[in-house]
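The values are calculated or read from the model by the stated rules, or taken from the named source; none is laboratory data. Every value quoted in this text rests on a predicted model; they were computed, and no experiment measured them. Glycine also receives a Cβ, built like all others from the backbone with ideal geometry; neighbour counts cover every protein chain displayed.
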Amino acid sequence: MTTVQALVRFVIIMAIGWFFMYLVPPAWFFMSYVPFSFLLLMGLVTFGVCGLGWPFAAPGGFLFKPGMNRAIPGVLMLVVWLALAFFLNWVLGNVWPKMPMTPWFGIIVFMVTLWYTFDGVGPHPFKAFWANWLFAVVLVMVLALIIWFFAVDLKGTPAEGAPFNPHGMFPGDWWLGYCIWVIVWIQVFGAPMCFQGWPFYKMPKGVYPVALTVACFVLGYVCWEGSLALGLSPTFSSSAIGASMIGWSLMHSVAFEMAPFAKYIQPKRGVLCFILEEIVVTAIWICLLLVILKPIAAKSAAAGLPFDIYQVSAFYTLHVVAVILLIHQFFFMRAPLSIPGPPLGPEQLPGE
């Protein structure tokens, strides 16, 4: 896929995402879709990366064959992906712990998914594709629930008096922003993105994931608390800056294949990618979204919903654009463009 093709695809995805957000009822989008979409994001990563496309897409699916119409496995993957999300949502709401999906829990699901998949713990402990997928889903949900019960207190939020409030250690809104900043560093150091695990992958195998996990949580705390101490509003810090950094570590890797810095190995590749995606492009993206999302933010405000434009930009980046991009990349295998290959290793050059 050429850079021009990648750019055209990305602009099309942006346009589809914008019209989707603008045309659907604001109350449904912000109050129903956004919390539910954390399960969609988890499913995209576990099916696409942990399961390597199992059960229908390449390379781990049993249906796809070279030369086959990629729409067939793509549609089937959509069906099983949505079925998983609706099933987990039903279990959480009706079986245990009998709570709705909320951003305070959803962000934990998202964080654990990315940590397990990209930061030296997973994602392929077994030979069978289905086993890697199933293990990832179970592990993510179990760890997310454990963290939820111990970490989160919904005091001061609209759900303060809800029966599902776990009364954990940290205020829910503070925890939400903190998790976003932890995810920033999970992504920056994640195996297929930016620094691709450098310098941690050079450590002994058992030390690598532990050291990387500690670094992500410490750096997340420093960035979150530091930004608040500097006087940044919580939503500008977490939703505008943090979510944009998360989005662009993903999108630069998946949509643009680290262009134009794939020709270097780590750490030069990582340093240059960080400057481009986490500083330059993030700043441009924030400014762009403040302009193009004004009509959507206005619709949200007119509907009486408590979301500012920074939060709207986070939802657009991670819950709409990223979702559409990963559906096309993982399930439809980038049709009609070339089928994506495996990501480059940290010390691998294109063509090697």
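For the reader, a short list of remarks on this structure follows.
- Restricted to the range 146-158, and to residues there that are within 22 Å of A314 (Cβ to Cβ) and either surrounded by fewer than 19 Cβ atoms within 10 Å (Cβ to Cβ) or modelled with pLDDT under 95 (or both), the residue that is farthest from the chain's Cα centre (by Cα) is G156.
- Pairs where the first residue, in the range 263-279, is over 17 Å from T3 (Cα atoms) and surrounded by fewer than 21 Cβ atoms within 10 Å (Cβ to Cβ) and the second is at pLDDT 95 or above and among the aromatic types (F, W, Y), C-beta under 6 Å, 6+ apart: P267/W198; L272/F261
- Any hit, the range 98-107, residues being of a type in the set (V, I, T), part of a helix (DSSP H, G or I), farther than 16 Å from F330 by Cα and within 22 Å of the chain's Cα centre (by Cα): yes
- Looking across L92, L82, L44, one residue alone is under 22 Å from L337 (Cα atoms) and either of a type outside the set (F, W, Y) or loosely packed, with under 15 Cβ neighbours inside 10 Å (or both). It is L44.
- Residue, surrounded by the most Cβ atoms within 10 Å (Cβ to Cβ), within the range 13-41, restricted to residues that are β-branched (V, I, T) and over 29 Å from P158 (Cβ atoms): I13
- Count - residues of the range 196-211 that are surrounded by fewer than 24 Cβ atoms within 10 Å (Cβ to Cβ) and either aromatic (F, W, Y) or touching a residue at least 60 places away in the same chain (Cβ under 8 Å) (or both): 6
- None of I286, I183 is out of contact with any Pro (no Cβ under 6 Å at 6 or more places or on another chain) and either crowded, with 22+ Cβ neighbours inside 10 Å or at positive phi (or both) except I183.
- Test result for S300, more than 30 Å from W54 (Cα to Cα) and surrounded by 20 or more Cβ atoms within 10 Å (Cβ to Cβ): yes
- Number of the exception - L288 against (1) closer than 25 Å to T3 by Cα; (2) part of a loop (DSSP other than H, G, I, E, B); (3) free of Cβ contacts under 8 Å to residues at least 12 places away in the same chain: (2)
- Criterion (at positive phi and modelled with pLDDT of 95 or more) met by exactly one of G53, G48: G53
- A297 being more than 18 Å from I12 (Cβ to Cβ), among the hydrophobic types (A, V, I, L, M, F, W, C) and in a helix (DSSP H, G or I): yes
- Tally, over the range 111-136, of residues that are crowded, with 21+ Cβ neighbours inside 10 Å and part of a helix (DSSP H, G or I): 11
- Residue in the range 55-74 that is surrounded by the fewest Cβ atoms within 10 Å (Cβ to Cβ), counting only those that are of a type in the set (A, V, I, L, M) and in contact (Cβ under 8 Å) with a residue 40 or more places away in the chain: A71
- Only listed residue being in contact with a Leu (Cβ under 9 Å, 6 or more places away or on another chain), modelled with pLDDT under 95 and within 20 Å of A243 (Cβ to Cβ), chosen from P171, P192: P192
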